[in-house]
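Here is the structure we will look at, set down as structure tokens.
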Amino acid sequence: MAYPPEISRIDANALKNGQEHRTQSIRGKELFLRRGQPFSIALLFYNRGDEEKLDNLRLTVQTGPYPSPQTGTLIQFPVTKLRNNAWSAEVEGESINPLALAICTSAKAVIGRYSLSLEGTYRGIAKSYYLGDFILLFNPWCSDDDVFLEDEAQRQEYVMNEYGLLYQGSKDFVVTTPWNFGQFEDGVGEICLRILDMNPNFLNNPSLDCSKRGDPVYISRVISAMINSNDDRGVIESSWDERFSNGANPSTWNGSVTILRLWNNSGCRPVRYGQCWVLAGVMCTVLRFLGIPSRVITNFESAHDTNLSLTVDEYYDETGKKLEPPKGDSVWNFHVWSEGWMARKDLPSGYDGWQVLDPTPQEISGGTFCCGPAPVKAVKEGDVDINYDVAFVFTEVNGDVVHWILREGGAEKEQVDPLTIGKCISTKGVGSNTREDITYQYKYADGSAQERAVYDKAVSKMKFKKPFMGRDSIVALDFNASLKLAQSPLIGQTIILLYRIHNRGFEPKRFSISVSAQEMMYNGKALEQFWTENYEVDVSPGKDLETSFQLHPFHYQRFVRPGNNIRVTALASDLKSKKLRLASKNIIFEVPAIDIQVHGMPRLNQPLSVILSFSNPLNEVLSNCVMTAEGTGLFPGGPVRAQMDQIFPGRVGFIRIFCVPFKKGKLQLEVNFSSDKIKYIKGSAIIEVPWI
């Protein structure tokens with residue numbers, strides 16, 4: 001009796017499949033594939049020679065703990081003819097040993113880890129073979145995939161690029177922060193899949209959750225919820241209270257890889273701590289690994305509307321000190337989120353493309369702290385009734401700010417500002433390290449007829465509105481005021497501010513001016529007011545009066561902390577009419593850059609010397625100076641930390657480190673400097689390891 005042959009070896013053609021599926025950069029032992037695209041394997045049998053071949057070949061693929069044909073998680077198909085973008089297979093060539101198979105997956109298939117089995121008959125005897133596992137990802141190169149992105153340069157940037165730039169600071173002083181996404185680093189792919197398996201939907205109903213994993217809308221919404229830990233065993237615990245003694249200050253992170261590994265190695269305990277740019281950077285890593293094109297977005301002067309009124313209320317006392325609002329509304333210096341590129345088959349036509357995905361836990365969406373996907377096109381057009389969370393994002397980029405002054409008689413509405421929110425919306429440029437301003441994608445020009453018409457359209461669509469507090473209820477004032485910096489201040493220098501008040505009336509006016517400065521967190525939370533000054537001025541009718549005042553380093557130096565800013569406010573009061581006019585300015589300090597010098601020629605697996613230096617701009621000694629360096633493919637043992645005791649005023653401190661490049665191509669080195677008085681200054685450099 002002849003027995004069916006046994007398989008001696010399975011050749012997964014890892015190199016060929018990896019190149020064709022653009023997964024060769026993924027560092028891992030498993031076979032990573034993109035859906036809707038053929039791959040090939042070869043089966044070598046023991047002692048087959050020219051024996052009769054296997055007949056009636058059929059393949060079975062399955063994923064998830066409870067696979068079934070009804071949920072699309074168990075698929076069986078014959079080995080007959082290969083069909084594009086559908087589950088199918090065929091035999092390649094005439095050889096029966098090895099037996100070469102070409103297999104294609106569906107462009108709509110569920111993503112995740114699959115097992116692959118082959119069934120056939122040999123002289124009437126049925127035989128089955130387990131062929132191994134593979135991991136299936138979204139495919140932005142496949143035109144039938146919902147994440148298809150036509151432009152190759154954009155695919156290289158938004159899927160394949162392992163490093164990037166984030167933006168912080170203010171609209172007047174944008175700070176560039178390097179970030180190591182590292183989506184193809186050792187173990188990161190398995191961690192991304194574990195994030196999906198730890199989401200509450202999977203834990204409650206794994207079969208239903210897995211059946212939805214072919215939809216990038218569903219997947220991206222799950223990830224938005226899982227990057228924060230507010231409702232689940234998510235990746236990052238957020239903190240804005242400036243107390244990080246039992247975790248890391250968010251400003252210390254240089255990339256996503258360390259965070260993801262810490263979460264995974266701790267048994268899925270949230271990593272402490274993160275803020276918006278950290279959460280957005282980690283989310284971008286997960287999306288890029290899964291094959292969803294993604295980029296990180298910074299919105300300057302970003303509104304947080306807690307009651308879906310499309311306005312943000314700010315409160316000040318009569319000295320100009322900003323107060324905490326009773327409803328929690330705020331304007332963030334900057335806010336960072338992610339975008340994912342996908343079709344929106346769940347919506348009417350016209351909303352495909354970039355979608356806002358914000359993992360920062362600000363408001364609850366569908367019972368969970370997540371946000372999006374919100375079509376950027378819907379945000380621009382004021383279609384706030386479109387899923388998901390478009391109204392919230394609309395206010396972030398185009399809300400109106402209502403200023404209130406608290407006086408003895410109660411709160412007085414000072415003005416409505418329709419022009420402050422949503423400035424310099426930024427992302428890294430494609431194929432370059434330049435900043436791309438994409439404000440026009442989110443809104444029409446501030447103050448234009450189109451922008452105001454869109455705002456009114458959005459207001460009309462809102463189902464729940466608080467009492468109207470719009471522009472018509474404000475009494476027009478016959479004077480105005482402005483505040484500006486003479487120049488962008490370098491930390492340690494004197495700040496010079498110029499204040500101008502204009503009398504638009506027909507008679508002289510006398511004003512009381514109250515100028516103050518206070519520390520502010522970047523998310524709009526008001527901290528200590530540390531400086532005030534009061535004076536009175538007379539202004540002739542139809543005239544301007546400009547004055548200047550100074551903040552010296554001894555005023556502000558101890559209030560400069562990572563991520564925070566100084567808000568200077570000038571409040572003018574007409575002594576006769578008692579009417580008020582507010583002007584304010586957020587100050588972000590410029591700091592010296594980290595100088596990075598590479599010595600020698602980069603070679604694969606060879607130590608490379610790097611000199612890091614930082615110049616002390618203060619009139620005080622900097623102590624406890626630490627440089628931390630990391631980067632994709634540069635440090636096999638993880639980040640490197642080096643320390644120097646002191647840097648004296650006006651002097652430069654130097655540290656030498658060594659990296660050992662273990663990948664070829666362009667590798668990004670990220671460096672973080674910290675000391676007792678100046679913290680978390682970041683820098684980066686490209687180290688190019690030759691392919692030869």
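The values are calculated or read from the model by the stated rules, or taken from the named source; none is laboratory data. Quick caveat, the model's predicted, so the values are computed rather than measured. Please note: Cβ atoms are built from the backbone with ideal geometry, for glycine as well, and neighbour counts cover all protein chains shown. Note: areas computed on protein heavy atoms with side chains; ligands, DNA, RNA excluded. Shrake-Rupley method; radii C 1.70, N 1.55, O 1.52, S 1.80 Å.
Would you mind pulling out the separation of the Cα centroids of the range 415-429 and the range 487-536, in Å? Cα centroid to Cα centroid, the span is 21 Å.
Which pairs in the list Lys377/Lys457; Lys321/Lys585; Lys321/Lys679 are over 19 Å apart, alpha-carbon to alpha-carbon? Too far apart for the 19 Å limit: Lys321/Lys679.
When all alpha carbon pairs of the range 583-692 are counted in 10 Å bins from zero, the resulting P(r) reads 14, 43, 26, 13, 3, 1 %. Heavy-atom accessible area with a 1.4 Å probe sorts Met601, Met342, largest first, into Met601, Met342.
For the range 519-611, the mean projected area of the C-alpha convex hull, equal to one quarter of the hull surface, is 11.5 nm².
What does the extension gain come out to for Val660 and Glu318, with contour length at 0.36 nm per residue minus their alpha carbon separation?
Values: separation 342, 0.36 × 342 = 123.12 nm, distance 5.90 nm.
Here the segment from Val660 to Glu318 would lengthen by 117.2 nm.
If the chain linking Ser432 and Tyr535 were pulled fully straight, counting 0.36 nm for each residue of separation and taking away their Cα-Cα distance, it would gain 32.1 nm.
Working from label points 7 Å from Cα in the Cα-to-Cβ sense, the Asp186 to Ile7 distance is 2.8 nm. Electrostatic bookkeeping for Ser25 treats Lys and Arg as +1 and Asp and Glu as -1; over the other residues with beta carbon under 9 Å from its beta carbon, the sum is +2.
When Lys423, Lys677, Lys327 are compared by accessible area at a 1.4 angstrom probe, the order from most to least is Lys327, Lys677, Lys423.
From the coordinates of this entry, Rg/Rh (Cα atoms, Kirkwood Rh) is computed, and it appears in [x] 1.05; [y] 1.14; [z] 1.00 under the label [x].
Put simply, the C-alpha atoms of the range 289-371 give a gyration tensor, and the ellipsoid matching it has half-axes of 32, 14, 12 Å, longest first. Computed on the Cα trace of the range 219-333, the radius of gyration divided by the Kirkwood hydrodynamic radius gives Rg/Rh = 1.03. Taking every protein chain into account, the 1.4 Å probe leaves Asp145 with about 10 Å² of accessible area, to the nearest ten. The accessible area of Arg581, taken with all protein chains in place and a 1.4 Å probe, comes to roughly 30 Å².
Stretching the chain fully between Asp385 and Asp151 yields a gain of 81.2 nm (0.36 nm per residue, less the alpha carbon separation).
Based on Cα contacts under 8 Å between residues 6+ apart, the range 168-263 shows a relative contact order of 34 percent. Between Val652 and Lys53, the modelled label-to-label distance comes to 7.1 nm, taking each label 7 Å out from Cα in the direction of the beta carbon. Taking every alpha-carbon pair under 8 Å whose residues sit at least 6 apart, the chain reaches a relative contact order of 9 percent.
Percent antiparallel among DSSP beta bridges with both residues in the chain, to the nearest 5? That works out to approximately 90 percent antiparallel.
Applying the Kirkwood pairwise sum to the alpha-carbon positions of the range 119-277 produces a hydrodynamic radius of 18.6 angstrom. Rolling a 1.4 Å probe over the heavy atoms of the protein chains gives the range 484-556 an accessible area of 48 Å² per residue. When nucleic acids and ligands are ignored and a 1.4 Å probe is applied, Met644 ends up with an accessible area of around 20 Å². If only the Cβ of Lys and Arg carry +1 and only the Cβ of Asp and Glu carry -1, the dipole of the chain around its Cα centre is close to 500 debye.
Relative contact order, whole percent, for the range 306-364 stands at 25, derived from Cα pairs under 8 Å and 6 or more residues apart. Which Cα, out of Val640, Gly372, Tyr499, lies furthest along the positive dipole direction of the chain (beta carbon charges, K/R +1, D/E -1)? Going by the charge dipole, the pick is Val640.
Counting only DSSP H runs of at least 4 residues, each contributing -39500 (n - 2.57), and dividing by the residue count of the chain, the helix-based mean residue ellipticity at 222 nm comes to -4000 deg cm²/dmol. Computed from the C-beta positions of Ala593 and Gln557, the FRET efficiency with R₀ = 25 Å rounds to 0.80.
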